[in-house]
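Please read the structure below before turning to the comments.
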Amino acid sequence: MIAAVTTEPGHDVAAHIGRPWVLLVEDEAELAGTLPVGAARLALDAREVVAGSTRTALSQRECDLLAALAARPRQVFGRDDLLAPAFQEAENPVVVDTCVHDLRRKLGRGVVETVRGRGYRLGTPLPEADGPDGSSTDGAGATADRPLG
């Protein structure tokens, strides 16, 4: 059964990102408190990305940042836009770049797309990692991660 699940700010998932959202799900009970991240799911309460039988743990900041991107997958967010949901106490917006780097290291380079000169948006996550430490590389063996800008 396909059901539309809607939350209001301050309830369930919206509490994590501070905005209302709508998500079509197949099994409401199983997917409550999750957001789609490509073929995977972001489990907000567990702070992990679940792709099949693979579970990847995230820090609170990584989870908050990925939740903000996943809640509006087509929207491009500037660093300042991402400071509020994930880095409330941070003064320097460069912390967003560091967190994006960490997400890419854990989930693959494609999880967060850089839109040059504008910001970040949800990408096509969880490609096969080919780096020696499990990270995605640029094909020449170097970790493929560039800051915004």
For a quick check of your reading of the model, give me the residue pairs whose first member lies in the stretch 38-54 and is under 15 Å from Val111 (Cα atoms), whose second is among the basic types (Lys, Arg) and loosely packed, with under 14 Cβ neighbours inside 10 Å, with beta-carbon atoms closer than 7 Å and at least 6 apart or on different chains.
Glu48/Arg55
So, in the stretch 83-110, of the ones that are buried (at least 16 other Cβ atoms within 10 Å of the Cβ) and among the charged types (D, E, K, R), which residue ends up modelled with the lowest pLDDT?
Arg109
Answer from Val49, Val13, Val22 - the residue that is part of a strand (DSSP E or B) and modelled with pLDDT under 90:
Val22
I'm checking my understanding of the structure. Among residues of the stretch 111-130 that are over 15 Å from Val37 (Cα atoms) and touching a helix residue (DSSP H, G or I) at 6+ places or on another chain (Cβ under 9 Å), which one is modelled with the lowest pLDDT?
Ala129
Would you check if there is a residue in the stretch 43-57 being under 22 Å from Arg118 (Cβ atoms) and crowded, with 22+ Cβ neighbours inside 10 Å?
no
Restrict the check to the stretch 137-148 and report whether at least one residue is in a strand (DSSP E or B), surrounded by fewer than 19 Cβ atoms within 10 Å (Cβ to Cβ) and modelled with pLDDT of 95 or more.
no
Those residues of the stretch 90-104 which are part of a helix (DSSP H, G or I) and not charged (D, E, K, R) amount to Val94, Val95, Val96, Thr98, Cys99, Val100, His101, Leu103
Hey, can you tell me all the residues within the stretch 58-78 that are within 13 Å of Ala43 (Cα to Cα) and part of a loop (DSSP other than H, G, I, E, B)?
Leu58, Ser59
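The values are calculated or read from the model by the stated rules, or taken from the named source; none is laboratory data. Remember, it's a predicted structure, so these values are computed and weren't measured experimentally. All Cβ positions, glycine included, derive from the backbone under ideal geometry; neighbour counts span all protein chains shown.
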